[in-house]
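Working notes, beginning with the structure itself.
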Amino acid sequence: MRLWPCRTPGDDYIAGYAASNMLKHKLMLNVPSLTAQNGVIIFLEGALNIPDRSNVMQMLAEIPGVSAVKIAETAARPMTQAPVADVPAQPAKQPAERWWR
């Protein structure tokens, strides 16, 4: 049996998996202000107003690649990013220039 090296999931995967699979499908919650940055899932304050918030945050912290789950204050950090469903545009990769030209 051949084992391939595992990659740590990226932020778009983490945000999409958390919002779609965990929150929407398993818990029947719609949380549009969820983002992920450097493996940290971030909610805007007030976005996760449910009785068992700590249990939901613990479930999300167990997603592979997640290092923390945090609640951001709206006054200190306004939401300026695209919604979770949008993938940030990646610059097109240019072929490396040959140094011997």
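No lab work stands behind these numbers, since they all come straight from the coordinates. All values reported here derive from a predicted model rather than from experimental measurement. Neighbour counts are summed over all protein chains in view; Cβ atoms, including those assigned to glycine, are modelled from backbone coordinates with ideal geometry.
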- Between His25, Ala72, Ala15, whose Cα lies farthest towards the positive end of the dipole of region 11-72 when Lys and Arg beta carbons carry +1 and Asp and Glu beta carbons carry -1, centred on the Cα centre? His25
- Message: Please list, ordered by chain and number, the residues whose modelled amide H lies under 5 Å from the amide H of Ile42; skip anything fewer than 5 residues away on the same chain.
- Response: Thr35, Ala36, Gln37, Lys70
- Query: If you wrap a convex hull around the C-alpha atoms of region 1-66 and split its volume per residue, what is the figure in Å³?
  - Reply: 95
- What spacing in nm lies between the two simple spin-label points modelled at Asn30 and Thr8, each 7 Å away from Cα in the Cβ direction? 3.4
